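What follows is one structure encoded as structure tokens, with my remarks underneath.
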């Protein structure tokens, strides 16, 4: 006959919180580091793409990662507001017509997202050891 252990609901919840609290902390840190590294990859790709067109504004591309209460938020952006959109999409010219579009932001975002997708398991495994 098996032996049973009885605990109150509050004790059980506290024990689970203690067990899983370290896992949650480790996974939060892993995700923050992953987002940071993905942002670096995306920024570097954006800069590389701008150089391929012969532009110097790539030096104004940077990133920011923020810890939020329930996750991480990351942004790659140019310190020259408006310019990336005009170059990425093209714009109207005085006298009619449109300028050519130079896609360079979307490919950088795809590199960052792909990096995150590819490495998520690796980052979690490293933090949970």
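The values are calculated or read from the model by the stated rules, or taken from the named source; none is laboratory data. Keep in mind that what you see is a predicted model, and the values were worked out from it rather than measured. Positions of Cβ are backbone-derived with ideal geometry, glycine not excepted, and every protein chain shown enters the neighbour counts.
For the stretch 29-56, enumerate the residues that are out of contact with any helix residue (DSSP H, G or I) (no Cβ under 9 Å at 6 or more places or on another chain) and farther than 23 Å from residue 85 by Cα. Selection gives 32, 36. Residue 91 fulfils the conditions (1) in contact with a helix residue (DSSP H, G or I) (Cβ under 7 Å, 6 or more places away or on another chain); (2) over 29 Å from residue 123 (Cβ atoms) except for a single criterion, (1). Residues of the stretch 72-88 that are exposed (fewer than 12 other Cβ atoms within 10 Å of the Cβ) and assigned to a strand (DSSP E or B): 73, 75. Among the numbered criteria (1) part of a helix (DSSP H, G or I); (2) closer than 26 Å to residue 33 by Cβ; (3) at pLDDT 90 or above, which single criterion is violated by residue 63? It is condition (1) that residue 63 fails.
Within the option set 3, 68, 93, being surrounded by fewer than 10 Cβ atoms within 10 Å (Cβ to Cβ) and within 17 Å of the chain's Cα centre (by Cα) holds for one residue only, 68.
If the condition is being surrounded by fewer than 15 Cβ atoms within 10 Å (Cβ to Cβ), in a helix (DSSP H, G or I) and over 19 Å from the mean Cα position of the chain (by Cα), then the stretch 17-59 contributes 17, 18, 19, 20, 21, 22, 23, 51, 52, 59.
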